[in-house]
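Working notes, beginning with the structure itself.
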Amino acid sequence: MPRKSRIDSPGLLHHIMCRGIERRKVFDIDADRKHFLARLGEILLESKTSCYAWALIPNHFHLLLRTGPIPISTVMRRLLTGYALWFNRAHHRHGHLFQNRFKSVLCQEDAYLLELVRYIHLNPIRAGLVQNLEDLSRYPFSGHSVLMGKVKMAWQETEGILRMFGERSGEARRRYKAFVQKGIAQGRRAELTGGGLIRSAGGWEGIKTLRKERIFQKSDERILGDSDFVDSVLSSAEEAMEKRYALRFRGFTLEKTALRVAQLLGVKKEDVWAKGRYRRIVEARSLFCYWAVRELGASMSSLAVRLGISTPGVSKSVSRGEELVRARGYSLIIS
């Protein structure tokens, strides 16, 4: 069966897993891990993507991310491609480094956020990289050490997580640590590494209980959450797709979008496509990129080629365009 397309929009929470091809190591030495984290941090800050948990294992990694204005697929493409090129040069190798495309499971926040933070951060113990929670608190390649205040990573979201355990940092860390400690005995939890009905219900026992009570849930393998959450996410995705088809039906191409931007900002259509740092050109390019990516579904890489700028440059333009739309109330369609 063909793979289903990813579901994504700003504000959604994703558990991301990525393995090395043929389960080979993607981190051979600490220098690899440090470079990966530096690259990850730079991309997350640029794209305004929030990270709540992460762990690096020799042959794979886990991330818990919230989508910002930039699609999660673009964030991950930049991370994986850039790191793979660097790794191959550093280790004098050729070919693919990662296995297929990364796995992304969209998660219901209120039910799974803390469970996923704990599960992801306990990976180094389950993999035998550290022996106990005290060692994990000092282990620099898992977000647990950041939450415990032993390691600093400016790009990791810690305040919101710790606030769920207490107002004062010391008290919050003690309670968070106790919460993580309880998770050690749980071992590997398949329901936290994928979506679908069985996992969302907590396994076959959960399914049996629901069916005895004559409760039948809607499910999707890309989503970890209850039936209402799955239905809400799928409805939003369908609405976004319908909007894109409607725009295309009305003749909204990139050219027509560029013309609309030019009319709104009082510039020439050629200025929308032009390079330069003049304020009017930057604003036009930003608004165009935002609508092209968010409304028409254009890829950032294709826009980068058309505009003659880098993909990170398009990413920044999308963020600036979103701010313009919010501040000035611009609309692509004339009502």
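Here is how the numbers come out for the structure above:
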{"item": "Looking only at the range 99-113, and only at residues there that are in contact with a His (Cβ under 9 Å, 6 or more places away or on another chain) and open to solvent by 50 Å² or more (accessible area, probe 1.4 Å), the one that is nearest to LYS182 (Cα to Cα)", "result": "LYS103"}
{"item": "Qualifying residues in the range 53-74 (those that are over 20 Å from HIS121 (Cβ atoms) and in contact (Cβ under 8 Å) with a residue 60 or more places away in the chain) - the one surrounded by the fewest Cβ atoms within 10 Å (Cβ to Cβ)", "result": "SER73"}
{"item": "Subset tally (residues that are under 20 Å from CYS107 (Cβ atoms) and open to solvent by 40 Å² or more (accessible area, probe 1.4 Å)) for the range 4-49", "result": "8"}
{"item": "Residue in the range 114-128 that is of a type in the set (A, V, I, L, M), open to solvent by 10 Å² or more (accessible area, probe 1.4 Å) and not in a helix (DSSP H, G or I) present", "result": "yes"}
{"item": "Subset of the range 262-303 [closer than 14 Å to ILE70 by Cβ and assigned to a helix (DSSP H, G or I)]", "result": "SER286, CYS289, TYR290, ALA292, VAL293, ARG294, MET300, SER301, LEU303"}
{"item": "Unique residue being closer than 18 Å to ARG77 by Cα and either in contact with a strand residue (DSSP E or B) (Cβ under 6 Å, 6 or more places away or on another chain) or open to solvent by less than 30 Å² (accessible area, probe 1.4 Å) (or both) when the list is SER299, SER317", "result": "SER317"}
{"item": "Selection count where residues are among the hydrophobic types (A, V, I, L, M, F, W, C) and either surrounded by fewer than 17 Cβ atoms within 10 Å (Cβ to Cβ) or within 24 Å of LEU40 (Cβ to Cβ) (or both), scope the range 276-296", "result": "3"}
{"item": "The range 87-104: number of residues that are closer than 19 Å to SER47 by Cβ and at pLDDT 90 or above", "result": "0"}
{"item": "Filter pass, PHE61 being modelled with pLDDT of 95 or more and part of a helix (DSSP H, G or I)", "result": "no"}
{"item": "Residues located in the range 143-179, provided they are acidic (Asp, Glu) and either within 20 Å of HIS62 (Cβ to Cβ) or not in a helix (DSSP H, G or I) (or both)", "result": "GLU157, GLU167"}
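The values are calculated or read from the model by the stated rules, or taken from the named source; none is laboratory data. This structure is a prediction, so every number in the text was calculated from the model and none was measured. Glycine also receives a Cβ, built like all others from the backbone with ideal geometry; neighbour counts cover every protein chain displayed. Side chains are part of the model used for accessible areas, which takes the heavy atoms of the whole protein and leaves out ligands, DNA and RNA. Shrake-Rupley method; radii C 1.70, N 1.55, O 1.52, S 1.80 Å.
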